[in-house]
Amino acid sequence: MGEAPSVGLYDPQEESVLDDPKSRGESSTTIGVKTYFIGRNCNEGHSLEVRIFNDSTGQWVHPVVLGSKPYSCDGHSAVTLGEDRVVVILKGSSPLGRIWFLEVDSNYVREQKKLRGGSEVVAWSKGGIGSAEKPIVISGPSGVGKGTLISKLMEEFPYLFGFSVSHTTRAPRNMEKDGVHYHFTNKSVMEREIEDGKFLEYASVHGNLYGTSIEAVEVVADDGKRCILDIDVQGARSVKASSIDAVFIFICPPSMEELEKRLRARGTETEEQILKRLRNAEAELQQGVSSGLFDHILYNDNLEGCYSRLKKILGLDGEVVPDLKQDSSAVELPSHHTAVTKRGDKIVLECKTEELDKSSENLIVLDTSALMGGAPGRTRGIQVYESDSYSDIA
Ligand SMILES: Nc1nc2c(ncn2[C@@H]2O[C@H](COP(=O)(O)OP(=O)(O)O)[C@@H](O)[C@H]2O)c(=O)[nH]1
Ligand SMILES: Nc1ncnc2c1ncn2[C@@H]1O[C@H](COP(=O)(O)OP(=O)(O)O)[C@@H](O)[C@H]1O
């Protein structure tokens, strides 16, 4: 294992060590020959920045940083978890979540390194407490009724579901609003954002680019809702190959004639676009039905019947509608901790609480033994509980 460099802050201008990182709120954690320095950047709204010292080469590296960055005003603690990630626990007010993971050698990071010609890459993933419900991916040919079914679901259960607003380079239709139905963008901007690692998946569909940004899914999860993605079969395949664990649903038309009728009746496409969509529908249907990619295939013959079957799949057909909100029974993480230690899979925070003018110490345990997901999405499955003493923590 490499030794951490003499403590100090790297000055990108000077390429030299300046002062003690602790005095600037910077943490350092070592995995193998690399030490990861994580500290806030006051020039960039207090986002946490990452730089790496490679002990074997004696070089400092500024990695490509993927994912949304955490923000911290009051400091943080960092501990390694296995050989592939660092857990970062923020102090102070953190409306967007207190637990973050910096992946340094996960499958996703290795893939991204390869795509970027071997450059050093790290990726942030926000931590999710408890096991939030899986996102729902809905695919199917144009005009089959995906949007109609999703709208019905969102109208009936607005507090349970949130729609992942995709980016697209196609022109808006009459009634479509930017930021609501899609984020309308152009090809060069979207290609640059894809290059910057801002998208969970993207595909060229009917001659335009479409993609789901990491942020689109995060916004829904931050709202404590279950995310619905309306994406094509290529996008569904990318999501399936990623760390995101989702429910995959494919919607089929009763016949090609009925599909054509619905597309024409919608009246949103030109004749040329309708013909292109119908041509593409054949291949989509074949892949959707036979690829084994989808967990459920629904025939949208009669709308109400199809909607009922969709609700059944999602466990919404009973009298008691389940509370799909994120685990509300979880212990709240206090805004400050005084020390952090690691015991196997468990991270223990020592916290001081001030109540009725009395201060007491307690231990908050973050159990990471059943983590799921990870960058480019969330890392879910953290269990949080209180403990009276270290001896109770197995
Ligand atoms: N891969 C991918 N496909 C998307 C995304 N957003 C929409 N699509 C798909 O793009 C296709 C065309 O969508 P759209 O232009 O809205 O037409 P519509 O399906 O006829 O309503 C549909 O199959 C959508 O499911 C996305 O973010 N990623
Ligand atoms: N089961 C159905 N029967 C008849 N028309 C339907 C049905 N489901 C949807 N439609 C209609 O078909 C058209 C296409 O539906 P839409 O939801 O826009 O499809 P998609 O989002 O899959 O492209 C819309 O005009 C919609 O009202």
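Being more than 16 Å from ligand 2 (Cβ to nearest atom) and either within 30 Å of GLU257 (Cα to Cα) or assigned by TED's automatic domain parsing to the domain that holds LEU96 (or both) narrows it down to one residue among LEU209, LEU153; which is it? Even if it seems obvious, please write down each step before you answer.
Working: LEU153 fails: more than 16 Å from ligand 2 (Cβ to nearest atom).
Unique residue meeting the criteria: LEU209.
What is the residue count in the stretch 178-219 for residues that are within 13 Å of ligand 1 (Cβ to nearest atom) and either of a type outside the set (A, V, I, L, M) or over 22 Å from VAL137 (Cβ atoms) (or both)?
First, pick out the residues of the stretch 178-219 that are within 13 Å of ligand 1 (Cβ to nearest atom): 180-185, 190, 193-194, 198-217.
Still in the running and either of a type outside the set (A, V, I, L, M) or over 22 Å from VAL137 (Cβ atoms) (or both): 181-185, 193, 198-199, 201-202, 204, 206-208, 210-213, 215.
Qualifying residue count for the region: 19.
For residues in the stretch 53-64 being of a type outside the set (Gly, Ala, Ser) and open to solvent by 40 Å² or more (accessible area, probe 1.4 Å), which is nearest to the chain's Cα centre (by Cα)?
If we take residues in the stretch 53-64 being of a type outside the set (Gly, Ala, Ser) and open to solvent by 40 Å² or more (accessible area, probe 1.4 Å), then VAL64 is nearest to the chain's Cα centre (by Cα).
Name the residues in the stretch 163-177 that are exposed (fewer than 14 other Cβ atoms within 10 Å of the Cβ) and touching a residue at least 12 places away in the same chain (Cβ under 8 Å), would you? Spell out how you get there, then give the answer.
Here is the first cut: in the stretch 163-177, the residues exposed (fewer than 14 other Cβ atoms within 10 Å of the Cβ) are 171-175, 177.
Answer for the stretch 163-177, where residues must be exposed (fewer than 14 other Cβ atoms within 10 Å of the Cβ) and touching a residue at least 12 places away in the same chain (Cβ under 8 Å): ALA171, PRO172, ARG173, ASN174.
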Could you please give the count of residues in the stretch 90-120 that are among the β-branched types (Val, Ile, Thr) and touching an Asp or Glu at 6+ places or on another chain (Cβ under 9 Å)?
2
Odd one out for GLY224, checked against (1) on the phi < 0 side of the Ramachandran plot; (2) part of a loop (DSSP other than H, G, I, E, B); (3) surrounded by fewer than 18 Cβ atoms within 10 Å (Cβ to Cβ); (4) more than 10 Å from ligand 1 (Cβ to nearest atom)
(1)
Enumerate the pairs (first residue in the stretch 268-286 and within 12 Å of ligand 1 (Cβ to nearest atom); second residue anywhere and acidic (Asp, Glu) and assigned to a helix (DSSP H, G or I)) with beta-carbon separation below 9 Å, excluding pairs fewer than 6 apart on the same chain, so at least 6 apart or on different chains.
ILE274/GLU260; LEU278/GLU260; ALA281/GLU260
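Among the residues of the stretch 287-307 satisfying the criterion of being free of Cβ contacts under 8 Å to residues at least 12 places away in the same chain, within 12 Å of ligand 2 (Cβ to nearest atom) and open to solvent by 60 Å² or more (accessible area, probe 1.4 Å), which is farthest from the chain's Cα centre (by Cα)? Working first, answer last.
To start, the set of residues in the stretch 287-307 that are free of Cβ contacts under 8 Å to residues at least 12 places away in the same chain comprises 290, 292, 302, 304-305.
Remaining after also requiring within 12 Å of ligand 2 (Cβ to nearest atom): 302, 304-305.
From the residues that got through so far, the ones that are open to solvent by 60 Å² or more (accessible area, probe 1.4 Å) too are 302, 304.
On the way: ASN302: 34, GLU304: 32 Å.
That would be ASN302.
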Criterion first (more than 12 Å from ligand 1 (Cβ to nearest atom), in contact with a strand residue (DSSP E or B) (Cβ under 8 Å, 6 or more places away or on another chain) and in contact (Cβ under 8 Å) with a residue 12 or more places away in the chain) does ILE251 satisfy it?
no
Looking only at residues in the stretch 139-150 that are surrounded by 23 or more Cβ atoms within 10 Å (Cβ to Cβ) and more than 6 Å from ligand 2 (Cβ to nearest atom), which one is farthest from GLN234 (Cα to Cα)?
LEU149
Looking at (1) open to solvent by 70 Å² or more (accessible area, probe 1.4 Å); (2) over 27 Å from the mean Cα position of the chain (by Cα), which is the one condition that is false for LEU278?
(1)
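In the stretch 67-92, what count of residues is obtained for those that are polar (S, T, N, Q), open to solvent by less than 50 Å² (accessible area, probe 1.4 Å) and within 21 Å of the chain's Cα centre (by Cα)?
2
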Can you spot a residue in the stretch 178-197 that is within 13 Å of ligand 2 (Cβ to nearest atom), over 19 Å from VAL247 (Cα atoms) and touching a residue at least 12 places away in the same chain (Cβ under 8 Å)?
yes
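The values are calculated or read from the model by the stated rules, or taken from the named source; none is laboratory data. Because the structure is predicted, anything quoted here is derived from the model rather than measured. Positions of Cβ are backbone-derived with ideal geometry, glycine not excepted, and every protein chain shown enters the neighbour counts. These area figures cover heavy atoms from the full protein model, side chains too; ligands, DNA and RNA do not enter into them. Shrake-Rupley method; radii C 1.70, N 1.55, O 1.52, S 1.80 Å.
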